[in-house]
Amino acid sequence: MLILKPKFDFEISVEAEITPALALATDEEISNYQVYYGKDKAKLSDLFEISREGDDAKLLLDGDFSKVKWIGARMDEGEIVVKGDIGDHCGAYMTGGKIVVEGNALDWIGAEMKGGEIEVNGNVRNYVGCAYWGNMTGMTGGKITVKGNAGNYIGEKMGGGEIEIMGDTGDFVGTEMKDGTIVIHGNCGFVGGDMKGGTIKIKGNFELVPGFRKVEDGFEGDVNAGGKGKVLQL
Amino acid sequence: MLHIKNGIVIDPKNGIDAEKMDIFVKNGKIVEESEVKGDVKVIDASNKLVVAGGFDMHAHIAGSKINVGREMRPEEMRTVRLVAGKFRASIGRVLLTSPAIGYEYAKMGYTSAFEAAQPPVGALHTHEELDAIPMIDKAALPVFGNWHFVLKYVAEKNWEKLRTFIAWAIERTKGFGVKVVNPGGVEAWMYGGNCKSLDDEVPGFGVTPREIITALIQETENLNLSHSVHLHCNNLGTPGNYETTIESMKLASKFSNDRRQVLHVTHVQFNAYSGSSWRDVGSGAAEIAKYVNSVDNITIDMGQPIFGHATAMTGDAPFQFTLHKLTGARWSNKDSEIEGGAGIVPIGYLPKNPIHALQWAIGLELGLLVDSDKVVLSTDYPNGGPFTEYPYIMAMLMSRKMREKELERVSPYVQKATGLAAIDREKTLFEVIQMTRSLPARVMGLDSKGHLGFGADADIAIYNFDPLTVDVTNDFETVYKVFKTSAYTIKGGEIIAMNGELVKEVWGRTFWVDATSKVEMEAIESDLDEMFSKYYSLERQNYGVEESWIKKPERLVMG
């Protein structure tokens, strides 16, 4: 297990595409691993204290990582545990493995992910499991679980997999969603705009865009997009 | 001063085909040996190909269209080509940022590129963007075919006013020539229609595309502008449209000019479809090639699609809407006051898609079947794809073997709908150099471009490639690779790129054409005042671009 602790409070963003595979590298490779501090190139050891416990493919991020972006992006196996908060794009494009965030997460968590599992104990901000701007499809597989609340744009253009939010969420849940499942245990704002397929289940209150019609077990739409998406009361 | 030693020179304009020669450069021009003395930098070009810098005469590189394209396609902006440092940051997949456009042309050995459709009211923006493109020489062609002034004067058959207006408009927009996009059709689009045939009447004006094109050719020739009318035909992107294209070409038959063509028909691939629907669509390239080859007053460019990402952006607003409906992709529409419009739709060309494969085959058919002094190599960037793939087109035109290999991976539909597989013809290296250098320069009427004769601009590309030993038909992979990055790109006598690495940032000139001395502005003064006060969103005195606002303007006075 590889343990990283920030050496100081980051004033600007750090971009660090770190996956659990890094734990299998040599000490020298880890120390020299290239990251960005703002626009400047930096070595991992410039910004983080690095230590090891055992040699399994696991990363432990100990401290405030809310300014650190792209953690776990493109990871395919292994585990990442974040003791504090995590920054944007955590787990983007990931295909396998597991990320556990004990604090809060910012935007774009699990964006366009294809597999694996992400668990956040705190709150998340916007664009959970979304497609990046301009791209056609968001997350297509795997599962994202958020124990707290989420912001806007949950599962936009989602093409598969599952998102579960225990708390409340904002507007635009499952916009242009094609497949997969979103489960919200709290309340949320507008749901399902231009939805083409998939299922959204909500326990609390929500607002439906006008393109949905009542069916036996809930609502179906968005008819404006010729969609057959389901919005159901949990 | 430069001395390019022992290079193998191909210079079609001067009839030089792979001869070992030395080239001398002084003050940004190609000169005789005797003029170069003293501190001379020698470039050893032994066993290397030396040609004039490439000239892209039809690309969309600046102005509101490409900028809207960049805005609506954030996914295009995730490819980092160069991190800021000695040079500016350069990004983009197919849609590039302004610095990236200049840098990528330079790396490939291209030294000039002309923006092919400038909305006149957006002229200042276009020039601001052209001024942000380093390395290359530039110019912009304002669009005329749907401008209310033009429609009005054609309806009135007032040729003096039309001629005066053309001269006024090109001066005001600091433009280079007369671009015509779907004449009448974009005006009809303001009412939800289009002009699909040459005889469809333009709503509100009582004129037809036939009359607009004829009148614009007539007055462009009366002004004897550097470049001829540059036509994007009606009915673009529709099965069966090759007939409209040939009919449009025939409108030029009563005009001639001993210096150049009188009509350049652009991105003909999009206008060369036979058939009656997308189910039976085929190639009309052979018929078009037959016509173009039979006359000497018409040139065309290919508009070759490249498999992969592209963005359709044209001043042909109704066509863009059709494309959006056809593909379901995002769509943006632009209206430029009383001058025309535009549309933008993202597109991807897939080899297994029968229509895309057909378009790809038609582009190549045109390139192969039309005489090399009449067809310019182009992708209509970014409509057909990236200009960085010109080497692919060059290699394909020169090698049947490469075409056979490529045909295996595309939809079999092209076998029955086009004649590409049966074409034996292989263009020579000389011809391909002609299609990318001397011909576009001649089409644009620029004597100092596209060749290596004395007095020409010292825009030179040197490639790691000995035409005397490399077999272009069998070694197509080498050809492709070699033309992707020049060994040296020289712009105005300075080395700007070497082996695919930028060396020095330079700023090219912006050419513009001044024909105002050939007309009396008095003829249209009151019309201009009236139209501006009635219909434009800005005052007449605020319209247009002053020469002093342009970084390096180069005025070409039409005498």
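The values are calculated or read from the model by the stated rules, or taken from the named source; none is laboratory data. These figures come from a predicted structure and were not determined experimentally. Glycine gets a Cβ as well: all are built from the backbone with ideal geometry, and neighbour counts include every protein chain shown. We work out accessible area using only protein heavy atoms, side chains counted, and drop any ligands, DNA or RNA first. Shrake-Rupley method; radii C 1.70, N 1.55, O 1.52, S 1.80 Å.
Just give me the residues in region B:23-48 being touching an Asp or Glu at 6+ places or on another chain (Cβ under 7 Å) and part of a strand (DSSP E or B), in sequence order.
B:Phe24, B:Lys26, B:Lys29
Just give me the residues in region B:131-178 being closer than 18 Å to B:Tyr543 by Cα, of a type in the set (Phe, Trp, Tyr) and either more than 23 Å from the chain's Cα centre (by Cα) or outside the structural domain of B:Pro203 (by TED's automatic domain parsing) (or both), in sequence order.
Once the filter is applied, which keeps residues that are closer than 18 Å to B:Tyr543 by Cα, of a type in the set (Phe, Trp, Tyr) and either more than 23 Å from the chain's Cα centre (by Cα) or outside the structural domain of B:Pro203 (by TED's automatic domain parsing) (or both), region B:131-178 yields B:Phe149, B:Phe165, B:Trp168.
Name the residue, out of B:Ala18, B:Ala59, that is within 22 Å of B:Thr379 (Cα to Cα) and either more than 14 Å from chain A (Cβ to nearest Cβ) or touching a helix residue (DSSP H, G or I) at 6+ places or on another chain (Cβ under 6 Å) (or both).
Matching residue, one of B:Ala18, B:Ala59: B:Ala59.
Report whether or not B:Val40 is surrounded by fewer than 15 Cβ atoms within 10 Å (Cβ to Cβ), on the phi < 0 side of the Ramachandran plot, within 14 Å of another protein chain (Cβ to nearest Cβ) and of a type outside the set (Lys, Arg).
Against the criterion (surrounded by fewer than 15 Cβ atoms within 10 Å (Cβ to Cβ), on the phi < 0 side of the Ramachandran plot, within 14 Å of another protein chain (Cβ to nearest Cβ) and of a type outside the set (Lys, Arg)), B:Val40 does not qualify.
State yes or no: is B:Ser228 open to solvent by 20 Å² or more (accessible area, probe 1.4 Å) and among the small types (Gly, Ala, Ser)?
No: the conditions fail for B:Ser228.
I'm checking my understanding of the structure. Among residues of region A:102-152 that are within 21 Å of A:His185 (Cα to Cα) and hydroxyl-bearing (Ser, Thr, Tyr), which one is nearest to the other protein chains (Cβ to nearest Cβ)?
A:Tyr127
For B:Glu33, indicate whether it is open to solvent by less than 50 Å² (accessible area, probe 1.4 Å) and charged (D, E, K, R).
When the stated conditions are applied, B:Glu33 does not pass them.
Looking at (1) more than 30 Å from B:Gly122 (Cβ to Cβ); (2) at pLDDT below 95; (3) loosely packed, with under 13 Cβ neighbours inside 10 Å, which is the only condition B:Met1 fails?
Unmet condition: (3).
If we only count helices (runs of 4 or more DSSP H) wholly inside region B:62-161, which ones have 2 or more residues that are within 14 Å of chain A (Cβ to nearest Cβ)?
B:64-72
When you look at B:Ser274, is it crowded, with 24+ Cβ neighbours inside 10 Å and of a type in the set (Gly, Ala, Ser), yes or no?
No.
From the list B:Leu368, B:Leu397, B:Leu377, pick out the single residue that is open to solvent by less than 10 Å² (accessible area, probe 1.4 Å), under 26 Å from B:Phe176 (Cβ atoms) and within 22 Å of the chain's Cα centre (by Cα).
B:Leu377
Just the residues that are closer than 21 Å to A:Asn152 by Cα, β-branched (Val, Ile, Thr) and assigned to a loop (DSSP other than H, G, I, E, B), please, taken from region A:90-117.
Hit for region A:90-117 is A:Ile109, nothing else.
What are the residue pairs meeting all of these: first residue in region B:480-498, first residue closer than 18 Å to B:Gly508 by Cβ, second residue hydrophobic (A, V, I, L, M, F, W, C) and surrounded by fewer than 23 Cβ atoms within 10 Å (Cβ to Cβ), Cβ atoms under 6 Å, and 6 or more apart or on different chains?
Partner pairs satisfying both residue conditions: B:Tyr488/B:Ile495; B:Tyr488/B:Met498; B:Lys491/B:Val506; B:Glu494/B:Val506; B:Ile495/B:Val503; B:Ile496/B:Val503; B:Ile496/B:Val506; B:Ala497/B:Val503.
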